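One structure below.
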Amino acid sequence: MGGMTLSQLLQAEETAGIGNSHKAIIMIYMVGAPSHQDMYDLKMQAPAEIRGEFQPIKTNVPGIEICEHMPGMAKIMDKCVPLRSVHGSPSGAHDSFICYTGRTTQRQPKGGWPSLGSTISKLKGPQNQAVPPFVGLAPDAGHPPYGSPGLPGFLGVSHAAFRPSGPARNNMKVTNVKINRLQDRKNLLGQFDAFRREADASGMMSGLDSLSDQALGILTSSKLSEALDLSREDPKIRERYGKGDPKKFGDGAPRNLEHFLMARRLVEAGARVVTLNFGRWDFHSNNFKGLKDTHLPWFDQGLSALIDDIYQRGLDKDVSVVAWGEFGRTPRINQNAGRDHWPRVGGGIIAGGGLKTGQVIGATDRTGGEIADRPIHFGEVLATLYGQMGIDANSMTINDLTGRPQYLVDGHRPMPELI
């Protein structure tokens, strides 16, 4: 059965009224893979060498308990869904790729699989010409996959994440150039590049055309720079999110709570997908001290503030939030009080998007090492997120560099429990 074409998608959107709303996704990549059994899936009946040090606390949903060091999330559990049986990572190698694509890095088409953000950029385009459809707040990291915002793959540079970090932020406003003069310069640049475009068979120059249009939109509007300017935010809301620590944690990411707030401001301004990374959860030693002292309190504050804020602002039907890492951690605590890599099962949390929240999906056995009920593949979650954007991941295709149509996920369907 053939896939839906882009024109058919747009026509279906218009009929359904989807184009009149602004759907968006915020994805938090928890760098280095957090221990699921110390956050949303505590195993109090297991032996001490598996159970660990943390105690569960009740949430505002009867029957759902989470870690004692996540009191903020406990108060808003009715707005969330812990995913306790996530799988799909083929090995214990650190890579954000599966979180962003739902696929492994094995047997990729030429150019590589595109991330969720790049795919939505391709299919939906900008909601507002002044705001890129895909924004990556993930700063570079010592281990490159830790700093990836999600790659464009075979979709090319024009659908890569816009990354508003470093000196680039100072270039988002036109200071001493009038708009008509800027347009003249764009036209002149187009004439100089014309013959190169005709000779280029790779598609790179057409991608640069799109980037030029995007850059002009950004420069001729203050909408993006205003979204990134947190001084415009209500001080009480800024205090609710907190600041965290903008410095990188080891070879991982910052624990920057302002990125959570910035993500909300960006989707309000028109971004369709915003990704950010947080911390470094790879605690092979001193797992419980690391979680308690350096990660869980700030993560709890930032994520609970984001989800609660989305609901308070009436964005909960349109904005989906997901937070997860690339795999789980070993059931047995090692001799260094750490947990090692465990690709068999991990966890995550999803919220918003008009989804059916206030429930738990999936379960592991008494040690947290094996899936006992309802396996959840990364691709299922991404299929669900695509569906909330008005895209049927099982019928829509995009052409790779050879012109071959590729489905958005590998046969995984949206999770019926959520929709």
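Those residues that are more than 19 Å from Phe260 (Cβ to Cβ) and in contact (Cβ under 8 Å) with a residue 12 or more places away in the chain, I need them from segment 272-307; list them, please.
Asp282, Phe283, His284, Ser285, Asn286, Asn287, Phe288, Lys289, Lys292
Within segment 355-373, count every residue that is over 30 Å from Gln312 (Cα atoms) and touching a helix residue (DSSP H, G or I) at 6+ places or on another chain (Cβ under 7 Å).
Residues of segment 355-373 over 30 Å from Gln312 (Cα atoms): 363-373.
Keeping just the survivors that are touching a helix residue (DSSP H, G or I) at 6+ places or on another chain (Cβ under 7 Å) gives 367-368.
Looking only at that region, the number is 2.
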Item to complete: Just need a number here: residues in segment 346-386 that are closer than 18 Å to Met44 by Cα and among the β-branched types (Val, Ile, Thr).
Response: 4
Discussion item. For a quick check of your reading: which strands (runs of 3 or more DSSP E) sit entirely within segment 287-375 and have at least 3 residues that are under 24 Å from the mean Cα position of the chain (by Cα)?
Written reply: 319-324, 346-352
Response to the item:
By residue number, the members of segment 26-76 that are in contact with an Asp or Glu (Cβ under 6 Å, 6 or more places away or on another chain), under 25 Å from Glu258 (Cα atoms) and not hydrophobic (A, V, I, L, M, F, W, C) are Gly32, Gly72
Discussion item. So in segment 309-354, with the set limited to residues that are acidic (Asp, Glu) and touching a helix residue (DSSP H, G or I) at 6+ places or on another chain (Cβ under 7 Å), which one is surrounded by the most Cβ atoms within 10 Å (Cβ to Cβ)?
Written reply: Glu326
Discussion item. Need pairs with beta-carbon distance below 7 Å; first residue on the phi > 0 side of the Ramachandran plot and within segment 361-389, second assigned to a strand (DSSP E or B) and not β-branched (Val, Ile, Thr); sequence gap 6+ or separate chains.
Written reply: Gly362/Leu83; Gly362/Arg84; Gly362/Ser85; Gly362/Asp373; Arg374/Ser85; Arg374/Ala363
Discussion item. Of everything in segment 313-366, what is among the polar types (S, T, N, Q) and under 30 Å from Lys23 (Cβ atoms)? Give them in sequence order.
Written reply: Ser320, Thr357, Gln359
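Here is a yes/no grid of residues against (1) buried (at least 19 other Cβ atoms within 10 Å of the Cβ); (2) under 30 Å from Asp140 (Cβ atoms):
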{"site": "Ile28", "(1), (2)": "yes, yes"}
{"site": "Val31", "(1), (2)": "yes, yes"}
{"site": "Gln37", "(1), (2)": "yes, no"}
{"site": "Asp41", "(1), (2)": "yes, no"}
{"site": "Met44", "(1), (2)": "no, no"}
{"site": "Gly52", "(1), (2)": "yes, no"}
{"site": "Gln55", "(1), (2)": "no, no"}
{"site": "Ile66", "(1), (2)": "yes, no"}
Practice prompt. Go through (1) buried (at least 21 other Cβ atoms within 10 Å of the Cβ); (2) more than 29 Å from Leu42 (Cβ to Cβ) and name the single condition Pro405 misses.
Written response: (1)
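For (1) crowded, with 21+ Cβ neighbours inside 10 Å; (2) not aliphatic (A, V, I, L, M), each residue gets a yes or a no:
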residue	(1), (2)
Leu257	yes, no
Ala263	yes, no
Glu268	no, yes
Gly279	yes, yes
Asp282	yes, yes
Phe288	no, yes
Asp293	no, yes
Asp300	no, yes
Practice prompt. Please tell me if Asn170 is more than 26 Å from the chain's Cα centre (by Cα), of a type in the set (S, T, N, Q) and either assigned to a helix (DSSP H, G or I) or at pLDDT below 90 (or both).
Written response: no
Discussion item. Just the residues that are buried (at least 20 other Cβ atoms within 10 Å of the Cβ) and hydroxyl-bearing (Ser, Thr, Tyr), please, taken from segment 355-369.
Written reply: Thr357, Thr364
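Filter segment 90-118 down to residues that are under 22 Å from Phe154 (Cβ atoms) and over 13 Å from the mean Cα position of the chain (by Cα), then give me how many there are. Spell out the reasoning first.
We begin by selecting, within segment 90-118, every residue under 22 Å from Phe154 (Cβ atoms); these are 90, 95-118.
Checking the rest, the ones that are also over 13 Å from the mean Cα position of the chain (by Cα) come to 90, 95, 103-114.
Total satisfying the criteria: 14.
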Worksheet item: If you scan segment 370-379, which residues turn out to be surrounded by 20 or more Cβ atoms within 10 Å (Cβ to Cβ) and more than 15 Å from Tyr100 (Cβ to Cβ)?
Response: Ile376
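Please indicate, with yes or no, whether at least one residue in segment 144-152 is part of a loop (DSSP other than H, G, I, E, B), without any contact (Cβ under 8 Å) to a residue 40 or more places away in the chain, within 21 Å of Asp410 (Cα to Cα) and not basic (Lys, Arg).
Step one: of segment 144-152, the residues part of a loop (DSSP other than H, G, I, E, B) are 148-152.
Next, only the ones that are without any contact (Cβ under 8 Å) to a residue 40 or more places away in the chain stay: 152.
This time we only want the ones that are within 21 Å of Asp410 (Cα to Cα), so: 152.
Pick out the ones that are also not basic (Lys, Arg) and you get 152.
Yes; the residues of segment 144-152 include at least one that is part of a loop (DSSP other than H, G, I, E, B), without any contact (Cβ under 8 Å) to a residue 40 or more places away in the chain, within 21 Å of Asp410 (Cα to Cα) and not basic (Lys, Arg).
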Worksheet entry | Test: Asp251 is acidic (Asp, Glu), touching a strand residue (DSSP E or B) at 6+ places or on another chain (Cβ under 9 Å) and outside any helix (DSSP H, G or I) | no
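The values are calculated or read from the model by the stated rules, or taken from the named source; none is laboratory data. As the structure is a computational prediction, the values presented were derived from the model and not from experiment. Ideal geometry is used to build each Cβ from the backbone, glycine not excepted, and the neighbour counts take in all protein chains shown.
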